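Everything on this sheet refers to the single structure shown next.
The values are calculated or read from the model by the stated rules, or taken from the named source; none is laboratory data. Just so you know, these numbers come straight off a predicted model, no measurement behind them. In this analysis, Cβ positions are derived from the backbone assuming ideal geometry, glycine residues included, and neighbour counts consider all displayed protein chains. Please note that ligands, DNA and RNA were not included when accessible areas were found on the heavy atoms of the full protein model with its side chains. Shrake-Rupley method; radii C 1.70, N 1.55, O 1.52, S 1.80 Å.
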Amino acid sequence: MRIIIARQLITFLLTGGVAAAVNFTSRIFYNHFVDFPVAVALAFLTGMTTAFILAKRYVFPNSANSTTKSFMIFLMVNMFAFAQTWIITMALAYHALPAIGINQFNKDIASFVGIIAPVFTSFLAHKYISFKEA
């Protein structure tokens, strides 16, 4: 049992890393067209879609839930993750980092930290709720 959970966690971290990279790079892309807060939200949706596809295929392929049910639960879990990401990113970018004198790359640093913040809570929620196994 521990080996299965460890393997799933490692695979989740790898696929989540890909989704995080998609999130991070798409935020930079979106930022050319929209303001930073909007870019963060759009990038989160892009990364979340990537994360769902990869998690369903590689991390939790034996889910007892249908794809539609898994996606709906995945969306609800990710709304909590988005709240974590949003609050951390905005607080760092607009308050904490400038307050300590970090003004260069502050939005990139804030975005990166915000993206990785909900990793473990998301893994547990997806394992036991979104992609619950039979």
Exercise for the section: Could you pull out every residue, at least 5 positions away or on a different chain, whose amide H is within less than 5 Å of the one on ILE102? Hs are placed 1.01 Å off N in the peptide plane, and Pro or chain starts have none. Expected result: none
Completion exercise
Residue-normalised value, i.e. accessible area per residue, for the range 8-134 at 1.4 Å probe, in Å², stands at 55 Å²
Exercise for the section: Net charge near ILE129: determine it from the other residues with C-beta under 15 Å of the C-beta of ILE129, scoring Lys and Arg +1 and Asp and Glu -1. Expected result: +3
Completion exercise
Stretched fully, the stretch from LEU13 through ALA64 gains (0.36 nm per residue minus C-alpha distance, one decimal, in nm) 16.2 nm
Completion exercise
For the chain, the percent of accessible surface on carbon and sulfur atoms (probe 1.4 angstrom, ligands and nucleic acids excluded) is 72 percent
Problem - Calculated from backbone phi, Karplus (6.51, -1.76, 1.60) coupling profile of the range 13-20 in Hz, x at Gly/Pro - result: 5, 5, 5, x, x, 5, 5, 5
Handout entry: the chain: proportion of alpha-carbon pairs further apart than 17 angstrom, %
Key = 58 percent
Completion exercise
Spelling it out for ALA117: with amide H atoms placed in the peptide plane at 1.01 Å from N, the residues 5 or more places away or on another chain with amide H under 5 Å from its amide H are none
Exercise for the section: Show that you can apply the helix-only estimate: for the chain, add -39,500 (n - 2.57) for every DSSP H stretch of four or more residues, divide by all residues, and state [θ] at 222 nm to the nearest 500. Expected result: -23000 deg cm²/dmol
